[in-house]
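One structure is given here, and the rest of the page talks about it.
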DNA sequence: TTGACTCAACATCCTTTGCTACAA
DNA sequence: TTGTAGGTTTCCATGTTGAGTCA
């Protein structure tokens, strides 16, 4: 008896020429009533294949791409990269490696590709990263690299894709790769992006991230789709030798009298509603419930809007601008990145201190120009809202100033990571300033992110 | 090829001290 | 007794992204 495996529209189709096999006994395989065929989600491909092998079946496997690639790596891996690679291989070439920004996750993935030598898809969240990876692969392996996304639709044995484009092409090319690498793999927890991992058959899967855990718990889904964390090393373990040493300095500022008055009024409106409505925030979904209520309860809506205004007051306090002036003066000869949460403030600071500004409204060309000049040293400072947190190739800096941010540990880690690429002399010491408005909810927000 | 636009998706958005049901 | 986890649906606003469309 021969069992045939085929890839079709994001699924693995199982057929056999005899009656000995009950296909639904295979992992994930169900009978499709419409076509009468037996199929499993593509991600179960390896489990199905292995189960058939265990039973000694003769398998005609038309899913696995049979192309073999000769890829050689010029880099020598560092000790922790070797260890991460070994851990991943030891877990049947599945799993997530959690390493800080700047510690060489890309090199690790290149090494995995070279060792496996199978057609590989690299999935990334932004077009910026798409281009970085493509350049890296081309220069390292000297082969043409395919691209899905950013206006291109070109397949090759080594291909890079955005999460969006990978999803759009999955039914079509989901069986073409032996290895799939998810850069910034925490994105895979998003409701829509999960399907990327489901619809591709690639048996070998590598996830890369600096911050695996998600506040919504969806990292468990990611672990299910890609594999568990097989290796992790945090910033502190690498700083000094492979990453710059750093300090985080929290600076407390006070609201002005009028700001305090406004803050207390708006925050009071919010707290009062929350108390009256009996919302305790004892579970994570309570805030969500408040949002639902605001759909038809005017008081709930007003409470949320008041909270929004209170947040703006505390995050954009005038005293932070004064404090920033001092910091810029103190680090006049160093490269400084200023992070905020609101675009309005970005433009205010840009005008006041003549800082080049990057926000979501900044076009691609202008963005490239600013980052290029920052890289060359023509600009030594840049101010941005959330744009530079992730997914953009940001030139190295040694001073960061967090004017405002969310309570997200991920955002904090990413911002810190912007400063940690070691200097050429190895003597660099980075500083991240955190400006926090005292006696406001921002103190809690700042505590939460660490 | 580009730029401007729309659209959908993702992420964050959280108070203080208290209720209830259930498991160890 | 003590400690701990927690039930609904169609979503207030802001910032950012990628894909697609059209001029």
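Summary table
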item	result
Test: residue in segment A:154-170 that is under 23 Å from residue A:107 (Cα atoms) and without any contact (Cβ under 8 Å) to a residue 24 or more places away in the chain	yes
In segment A:278-293, the residues that are away from DNA strand B (no atom under 11 Å from the Cβ) and in contact with a helix residue (DSSP H, G or I) (Cβ under 7 Å, 6 or more places away or on another chain)	A:293
Residues of segment A:235-287 that turn out to be touching a strand residue (DSSP E or B) at 6+ places or on another chain (Cβ under 6 Å) and over 21 Å from residue A:442 (Cβ atoms), as a count	4
Options A:333, A:247; residue that is exposed (fewer than 13 other Cβ atoms within 10 Å of the Cβ), under 22 Å from residue A:450 (Cβ atoms) and away from DNA strand C (no atom under 16 Å from the Cβ)	A:247
Leading residue by the ranking (farthest from residue A:344 (Cα to Cα)) among those in segment A:302-333 that are touching a residue at least 40 places away in the same chain (Cβ under 8 Å) and not in a helix (DSSP H, G or I)	A:333
Unique match (being outside the structural domain of residue A:388 (by TED's automatic domain parsing), within 16 Å of DNA strand C (Cβ to nearest atom) and crowded, with 19+ Cβ neighbours inside 10 Å) among A:178, A:146	A:146
Among residues of segment A:370-418, those that are touching a residue at least 60 places away in the same chain (Cβ under 8 Å) and within 26 Å of residue A:311 (Cβ to Cβ), counted	20
Among the candidates A:174, A:149, residue that is more than 16 Å from DNA strand B (Cβ to nearest atom) and either at pLDDT 90 or above or in contact with a strand residue (DSSP E or B) (Cβ under 6 Å, 6 or more places away or on another chain) (or both)	A:174
Residues of segment A:76-105 that turn out to be crowded, with 19+ Cβ neighbours inside 10 Å and either closer than 19 Å to residue A:186 by Cβ or out of contact with any helix residue (DSSP H, G or I) (no Cβ under 9 Å at 6 or more places or on another chain) (or both), as a count	14
Sole residue being exposed (fewer than 12 other Cβ atoms within 10 Å of the Cβ) and more than 9 Å from DNA strand C (Cβ to nearest atom), chosen from A:265, A:275, A:260	A:275
Residue count, segment A:382-400 (criterion: in contact with a helix residue (DSSP H, G or I) (Cβ under 6 Å, 6 or more places away or on another chain), assigned to a loop (DSSP other than H, G, I, E, B) and within 13 Å of DNA strand B (Cβ to nearest atom))	3
Test for residue A:286: is it at negative phi and more than 32 Å from the chain's Cα centre (by Cα)	no
Residue selected from segment A:346-381 under the condition assigned to a loop (DSSP other than H, G, I, E, B) and within 8 Å of DNA strand C (Cβ to nearest atom), by the criterion surrounded by the fewest Cβ atoms within 10 Å (Cβ to Cβ)	A:360
All helices (runs of 4 or more DSSP H) inside segment A:74-149 with 2 or more residues being within 24 Å of residue A:371 (Cα to Cα)	A:105-116, A:127-141
Filtered residue count, segment A:38-53, keeping only those that are in contact with a helix residue (DSSP H, G or I) (Cβ under 7 Å, 6 or more places away or on another chain) and in a strand (DSSP E or B)	3
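One line per residue, one yes/no per condition, for (1) within 16 Å of DNA strand C (Cβ to nearest atom); (2) crowded, with 24+ Cβ neighbours inside 10 Å:
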| residue | (1), (2) |
| --- | --- |
| A:152 | yes, no |
| A:165 | yes, no |
| A:172 | yes, no |
| A:182 | yes, yes |
| A:189 | yes, no |
| A:194 | yes, no |
| A:210 | no, no |
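The values are calculated or read from the model by the stated rules, or taken from the named source; none is laboratory data. Predicted model, so just to flag it, every value in this text is computed and none were measured. Positions of Cβ are generated from backbone atoms using ideal geometry, with glycine treated the same way; all protein chains shown enter the neighbour counts.
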